[in-house]
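Okay, structure first, notes after.
The values are calculated or read from the model by the stated rules, or taken from the named source; none is laboratory data. Note that the structure is predicted; figures quoted are calculated from it, not measured. When we count neighbours, we look across all protein chains shown, and the Cβ atoms used for this are built from the backbone with ideal geometry, even at glycine.
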Amino acid sequence: MSGTNVPPNKQTAPDLKAAHGGRLTVGDIAYDTERRTLGVLMAEYGTLYFPRPLTGGREWDVAKEKVHPATTTDQPSPAAAETNANSLRP
């Protein structure tokens with residue numbers, strides 16, 4: 001990072017939005033700030049995106065201004081992910 005020391009928890013993913021000219025496209029992994037969850041963009045129509053959960057399931061609609069490209073800080077920690085996975089087991 002150009003000679004600066006940045007703590008690991010302060011590092012950010014590359015600017016994924018810039019890769020598509022400032023917008024998300026179908027197939028991108030995005031973070032819905034309203035639901036506070038990650039999803040794969042399946043479609044866009046007008047002012048809405050239609051993401052689907054990473055593990056599959058039903059799409060939902062969300063206003064484009066409530067979504068941004070997923071970064072490493074949007075993903076749950078390994079401990080939280082394991083706890084969440086265990087809570088789904090019978």
- Task: Give the residues of segment 44-54 that are exposed (fewer than 13 other Cβ atoms within 10 Å of the Cβ) and of a type in the set (Ser, Thr, Tyr), sorted by residue number.
- Result: TYR45, THR47
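I'd like to know if segment 61-74 contains one or more residues that are part of a loop (DSSP other than H, G, I, E, B), modelled with pLDDT of 95 or more and either surrounded by 10 or more Cβ atoms within 10 Å (Cβ to Cβ) or hydroxyl-bearing (Ser, Thr, Tyr) (or both). Quick ask: steps written out before the conclusion?
So the first thing to find is which residues in segment 61-74 are part of a loop (DSSP other than H, G, I, E, B), and the list is 61, 70-71.
Retained after the next criterion (residues that are modelled with pLDDT of 95 or more): 61.
Right, trim to either surrounded by 10 or more Cβ atoms within 10 Å (Cβ to Cβ) or hydroxyl-bearing (Ser, Thr, Tyr) (or both) and you get 61.
Yes.
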- Query: In segment 24-43, is there at least one residue being part of a helix (DSSP H, G or I), on the phi < 0 side of the Ramachandran plot, loosely packed, with under 15 Cβ neighbours inside 10 Å and at pLDDT 90 or above?
  - Reply: no
